[in-house]
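Reading through the structure tokens given below for one structure.
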Amino acid sequence: MAPTRSMRSDLKGVMRAFRMGATWQLAQRTKDPERRMARIYSTIPSDYLFADNSMYLNYGYWDAGCTTLDDASEALAALLADAAGMTAGDDVLDVGFGFGEQDVLWARKWQPRRIVGLNVTPMQVAIAKQRAQDEQLTDVLDFRQGSATAMPLPDASFDRVLALECAFHFHPRTTFFQEAYRVLKPGGVLAVADIMPRSAAVPRTAIQSPPLVWVAVSFDDENWYPQDAYLDKLAAAGFTDLTTQSISEETFEPWRRHILAKIASPSFRHRVGPVYQRVLTKRWSDQEQLKKDFELLDYVVVTARKPGAGR
Ligand SMILES: C[S@@+](CC[C@H](N)C(=O)[O-])C[C@H]1O[C@@H](n2cnc3c(N)ncnc32)[C@H](O)[C@@H]1O
């Protein structure tokens, strides 16, 4: 690809693309799963996201009124909070909080007493902490560096544990289930928005599309199982009252259409520069493969209750 004049002048974009590529290579070779995750997420700067006015990092829930990823991601966060039964005064734990965008939403609209966040990516923790200060929400939002599978938190201390599009990364997810159970108060609820294969017959290697390379690189090896096995594992951790809601139709395909148009848009090009836009355009060139891959995946909201008296 011969560099155009605009590409030559996009020095920042060239440096960014180079840095992201180098960090990505390093991340892929990192053996420790949590360090690998932190490195992978460090390759995604907060100003290079697909959302325009927020820092969500999820596929979104594209219900009737949504036309932007900001709206769809907010709708997904709202769906999860409602599924968890979040109410004013709750003690909430948000695991894998990204940049903490959903926590600002939950703090304002659901008014829990506090939200503790755990995340293994230091860059995201720092940005989320600053965000809590900017929003004057430090009395509610408590963002910490920490792991879903070794929570530095006391037993029976939360009414809700939420994990918005991240539990597939946890090493492994079953240890997260055990930890969530431990830190929940009796009667407390775990709610996750999670991704899994549609059936046990789908091998992880079947997912081939470049925009879904994260499935090969950051979907923990032990976490590749479909809904029925998922529920068995929750039950084995002690949870009852299990519910599932598949929202694949409202996530993958509308997200695919939206992002395809976004990458080609002048406003996105202006924001990320021509170099990164060219990288993405190439990565997104095989739409048929991407559609096929999405048909093999299920996007599910799962809830589970720790037995005992609730709030
Ligand atoms: C796809 S992002 C989702 C972020 C956010 N929930 C959202 O919807 O915008 C996954 C997040 O999980 C975090 N993560 C990955 N492994 C983790 C672990 N073992 N413990 C805690 N957080 C983890 C990543 O750092 C990242 O913030």
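None of the figures in this text is laboratory data; all of them are computed from the coordinates on show. The model shown is predicted, which means the values in this text are computed figures rather than measured ones. We place every Cβ from the backbone using ideal geometry, glycine too, and count neighbours over all the protein chains shown.
When the chain is fully extended, how far beyond the present Cα-Cα distance does residue 46 get from residue 24, taking 0.36 nm per residue of separation?
Working: separation 22, 0.36 × 22 = 7.92 nm, distance 1.60 nm.
Extra length available between residue 46 and residue 24 comes to 6.3 nm.
Across all directions, the average projected area of the convex hull around the alpha carbons of the stretch 35-87 is 4.9 nm². The angle between the Cα long axis of helix 173-183 and the main principal axis of the chain comes to about 40°, on a 0 to 90 degree scale.
Tell me, Kirkwood radius of the stretch 169-311 from alpha-carbon pair distances, in Å?
Numbers: mean 1/r = 0.0585 Å⁻¹.
Final number for the Kirkwood radius of the stretch 169-311 is 17.1 Å.
May I ask you to work out the translational diffusion coefficient for the stretch 80-158 at 25 °C, viscosity 0.890 mPa s, via Stokes-Einstein with Rh from the Kirkwood sum over Cα pairs, reported in whole µm²/s? Mind dumping the intermediate values first?
Numbers: Rh = 12.5 Å.
Here the translational diffusion coefficient equals 197 µm²/s.
Compared with the dominant principal axis of the Cα atoms in the chain, helix 227-236 is inclined by about 40°. What whole number of Å gives the distance from the Cα centroid of the stretch 261-289 to the Cα centroid of the stretch 111-153? When both Cα centres are located, 32 Å separates them. The calculated FRET efficiency for the pair residue 292 and residue 232, based on their C-beta separation and a Förster distance of 35 Å, comes to about 0.80. Taken about its Cα centre, the stretch 158-303 carries a charge dipole of roughly 780 debye when the Cβ of each Lys and Arg holds +1 and the Cβ of each Asp and Glu holds -1. Counting Lys +1, Arg +1, Asp -1, Glu -1, what net charge surrounds residue 70 among other residues with beta carbon under 12 Å of its beta carbon? Around residue 70, the charge tally is -3.
Equivalent ellipsoid of the chain: semi-axes from √(5λ) of the C-alpha gyration tensor, largest first, are 32, 22, 18 Å. Put simply, the Cα atoms of the stretch 105-249 extend 48, 37, 29 Å along their principal axes, the longest span coming first. Seen from residue 172, the other residues with C-beta closer than 15 Å to its C-beta sum to a net charge of -4, counting Lys and Arg as +1 and Asp and Glu as -1. In this simple spin-label approximation, residue 204 and residue 139 carry label points 7 Å from Cα along the Cα→Cβ vector, and these lie 4.5 nm apart.
For the stretch 50-70 and the stretch 191-228, compute the distance between their C-alpha centroids and round to whole Å. Here the two parts' Cα centres lie 22 Å apart. Across the stretch 73-82, rounded Karplus estimates of 3J(HN,Hα) from the backbone phi angles (6.51 cos²θ - 1.76 cosθ + 1.60, θ = phi - 60°) give 5, 5, 4, 5, 4, 5, 4, 5, 4, 5 Hz, Gly and Pro being marked x. Principal-axis analysis of the Cα atoms of the chain puts helix 33-42 at an angle of about 50° to the longest axis. With point charges of +1 on the Cβ of Lys and Arg and -1 on the Cβ of Asp and Glu, referenced to the Cα centre of the stretch 5-305, which listed residue (146, 121, 96) lies farthest in the positive direction of the dipole? Checked the options; the winner is 121.
On full extension of the chain, what length is gained from residue 31 through residue 271, given 0.36 nm per residue of separation minus the C-alpha to C-alpha distance?
On the way: separation 240, 0.36 × 240 = 86.40 nm, distance 3.36 nm.
So the extension gain works out to 83.0 nm.
Multiplying the residue separation of residue 64 and residue 249 by 0.36 nm and subtracting their alpha-carbon distance yields 65.4 nm.
Kirkwood Rh and Cα-based Rg: tell me the resulting Rg over Rh for the stretch 240-307, rounded to two decimals. Write down the numbers at each step before the final one.
Values: Rg = 17.0 Å, Rh = 14.3 Å.
Ratio of gyration radius to Kirkwood radius: 1.19.
The Cβ shell under 14 Å around residue 106 holds other residues with a net charge of -4, Lys and Arg each +1, Asp and Glu each -1. In sequence order, the stretch 87-93 has phi-based couplings of 9, 4, x, 5, 9, 10, 10 Hz under the Karplus curve 6.51 cos²θ - 1.76 cosθ + 1.60, θ = phi - 60°, and Gly or Pro positions carry x. Note on the stretch 32-126: semi-axes of the ellipsoid equivalent to its C-alpha gyration tensor, largest first and rounded to whole Å, are 22, 19, 10.
When only the Cβ of Lys, Arg, Asp and Glu is charged (+1, +1, -1, -1), the dipole of the chain relative to its Cα centre reaches about 1280 debye.
Which order, highest average first, do 172-181, 220-229 follow once you tally other Cβ atoms within 10 Å for each residue and take the mean per peptide? Before the final figure, lay out each step's value.
Numbers: 172-181: 21.6, 220-229: 15.2.
Ranked from most to least packed, the peptides come out as 172-181, 220-229.
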